[in-house]
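In what follows, a structure is listed as structure tokens, so that the remarks can point back to it.
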Amino acid sequence: MLSPFKAMAPTVVAVAALMSAPAIAEIKIGVLDFGRLMDESPQGKALIESLRSEAAAKQRELQTQAASLQTKRDKLVKDRATMSPDQISRAEKDVRDGERDLARRQSEVNDDFNARRNEEMAKLQRALIDDVRVYSKAQNFDLVVTDGVIYANQTLDITPGVLAGMQSRASAAAPAKPATR
């Protein structure tokens with residue numbers, strides 16, 4: 001079994017080597033909260049709003065289809081006593097087909113939405129990474145880290161600076177809203 005000193009020996013040697021090394025250039029390190037950047041950036045906010053409006057339009061269509069199906073169900077229940085067995089069979093088949101179609105349509109809408117969201121989020125991530133690189137170069141950072149940071153002093157957090165730059169460019173450019181599908 002290793003004594004406590006023997007276990008710490010490699011760390012002590014590494015620290016001593018760094019301290020005795022010739023003047024090491026100052027390294028400027030920044031920490032970025034990428035999730036916050038995605039949520040609070042003008043592009044992220046615009047994307048979220050665009051996706052919400054697209055989803056709302058599709059949900060209204062599905063609700064209309066569901067209401068129509070419910071009307072058919074109610075009519076079948078109400079008129080069942082006066083209908084012939086053949087009419088009942090056709091009405092039940094029509095309701096089953098409608099339920100199946102509605103379920104299929106809901107699944108398609110969800111799949112389309114998820115694919116579109118993933119595609120747009122990937123584009124947003126690429127754009128944000130480019131903005132972070134531009135900011136980092138302009139501010140002379142040697143290293144910018146994001147995910148996997150357990151702790152970072154608040155003074156290392158460059159997220160507010162990146163956001164401020166993006167927001168000022170967005171307000172200066174005032175681009176048109178993204179087209180919806």
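The values are calculated or read from the model by the stated rules, or taken from the named source; none is laboratory data. No experiment lies behind these values; they were computed from the predicted model shown. Positions of Cβ are backbone-derived with ideal geometry, glycine not excepted, and every protein chain shown enters the neighbour counts.
In table form, for the structure just shown:
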{"quantity": "Complete set of residues in region 137-157 that are surrounded by 11 or more Cβ atoms within 10 Å (Cβ to Cβ) and over 18 Å from Gly35 (Cβ atoms)", "calculated": "Gln139, Phe141, Asp142"}
{"quantity": "Candidate set from region 72-106 (those that are among the polar types (S, T, N, Q) and either touching a Lys or Arg at 6+ places or on another chain (Cβ under 7 Å) or surrounded by 10 or more Cβ atoms within 10 Å (Cβ to Cβ) (or both)); member that is nearest to Ala57 (Cα to Cα)", "calculated": "Gln106"}
{"quantity": "Pairs where the first residue, in region 77-95, is closer than 20 Å to Ala67 by Cα and the second is of a type in the set (Lys, Arg) and at pLDDT 90 or above, C-beta under 7 Å, 6+ apart", "calculated": "Asp94/Lys72; Val95/Lys72; Val95/Arg73"}
{"quantity": "Residues of region 12-47 classified as assigned to a helix (DSSP H, G or I), at pLDDT below 70 and not hydrophobic (A, V, I, L, M, F, W, C), total", "calculated": "1"}
{"quantity": "Residue in region 32-59 that is farthest from Ala103 (Cα to Cα), counting only those that are crowded, with 17+ Cβ neighbours inside 10 Å and hydroxyl-bearing (Ser, Thr, Tyr)", "calculated": "Ser41"}
{"quantity": "Sole exception among (1) over 22 Å from Arg52 (Cβ atoms); (2) modelled with pLDDT of 85 or more; (3) charged (D, E, K, R) for Asp147, by number", "calculated": "(2)"}
{"quantity": "Residue among Leu102, Leu124 that is in contact with a Gly (Cβ under 9 Å, 6 or more places away or on another chain) and part of a helix (DSSP H, G or I)", "calculated": "Leu124"}
{"quantity": "So Ile48, is it of a type in the set (A, V, I, L, M) and over 30 Å from Ala164 (Cβ atoms)", "calculated": "no"}
{"quantity": "Unmet criterion (only one of (1) assigned to a helix (DSSP H, G or I); (2) under 28 Å from the mean Cα position of the chain (by Cα); (3) free of Cβ contacts under 8 Å to residues at least 12 places away in the same chain) for Asp131", "calculated": "(3)"}
{"quantity": "Single match in Arg80, Arg100 (criterion: of a type in the set (Lys, Arg) and at pLDDT 90 or above)", "calculated": "Arg100"}
